[in-house]
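Here, each number is a calculation from the coordinates, and none is a lab measurement. What you are looking at is a predicted structure, and each value in this text was computed from that prediction instead of being measured. Neighbour counts run over all protein chains shown; Cβ positions are idealised from the backbone, glycine included.
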Amino acid sequence: MKKVLMGFGLVLILIVGGVVFLYSNLGDIIKEAVERFGSEATQATVSLDNVDLDVTSGKTALQGFVVGNPSGFKSDNAFELGNIAVQVDTSSLESETVIVNSLVINGPKVTYELGDGGSNVDAIKRNVDTYAKQFSSGDSAASSSEDSGPQKKMIIERLTITDGRINVSAPFLDGKSLGASLPTITLTDIGKDSGGASPAD
């Protein structure tokens with residue numbers, strides 16, 4: 001009996017240790033996932049400096065989120081999103097539609113670079129659309145799995161973008177850009193009318 005209890009105690013310690021490790025490293029796990037899948041989707045280098053996650057309250061803060069440019073463009077980056085603060089309704093996480101109470105992007109910088117085949121933003125959008133189709137086509141492993149459930153959707157109740165700046169670049173500027181500040185942008189109830197937007201949307 002003593003050996004059984006010791007064995008049970010060891011298993012329990014391993015489980016608790018695993019949970020503690022997971023929660024203490026969630027930020028790093030999210031950072032790695034964002035950089036990996038973001039780079040795959042955009043076909044550009046995606047980097048994220050830091051993730052601060054509070055699982056209980058549903059609050060997440062991201063710092064230093066940068067999307068580089070696909071090959072063929074000279075400017076350093078397409079998007080620099082500064083600081084991002086997200087508040088999620090934790091009670092919706094298990095449902096098919098996740099409710100994002102607020103999404104605040106502070107200090108974003110967008111560089112719109114014109115090239116021979118269109119802009120860098122157009123190129124990124126095409127890459128993301130192609131990547132998203134892999135998960136919606138019948139040939140994809142994710143959609144063909146018998147265990148795959150309905151695709152998660154989301155509703156963003158309030159999106160606020162502050163202290164933004166947009167730059168424009170063209171081949172004759174040789175990687176340099178001209179820019180202007182953006183006014184504060186506020187959007188509400190994104191995806192609400194359609195019952196939720198897909199992650200690809």
Task: the stretch 44-109: GluC sites (Glu not before Pro) in DSSP loop, at most 13 other beta carbons within 10 Å - done: GLU94, GLU96
Task: Residue-by-residue Karplus 3J(HN,Hα) for the stretch 112-121, coefficients 6.51, -1.76, 1.60, Hz, glycine and proline x - done: 9, 9, 8, x, 4, x, x, 9, 5, 5
Task: the stretch 158-167 - phi-based ³J(HN,Hα) in whole Hz, Karplus 6.51/-1.76/1.60, Gly and Pro as x - done: 8, 10, 10, 10, 10, 6, x, 9, 10, 10
Task: Centre separation in Å (Cα based) which lies between the stretch 28-57 and the stretch 161-201 - done: 19 Å
Task: In order through the stretch 89-103: 3J(HN,Hα) via Karplus (6.51 cos²θ - 1.76 cosθ + 1.60), integer Hz, x for Gly, Pro - done: 6, 4, 5, 9, 5, 8, 8, 6, 10, 8, 9, 9, 5, 8, 9
Open item on the list: 5 Å is the cut-off here: which amide hydrogens, built 1.01 Å from N in the peptide plane, fall below it relative to ALA78, excluding neighbours closer than 5 in sequence?
Closed with: VAL67, GLY68, ASN69
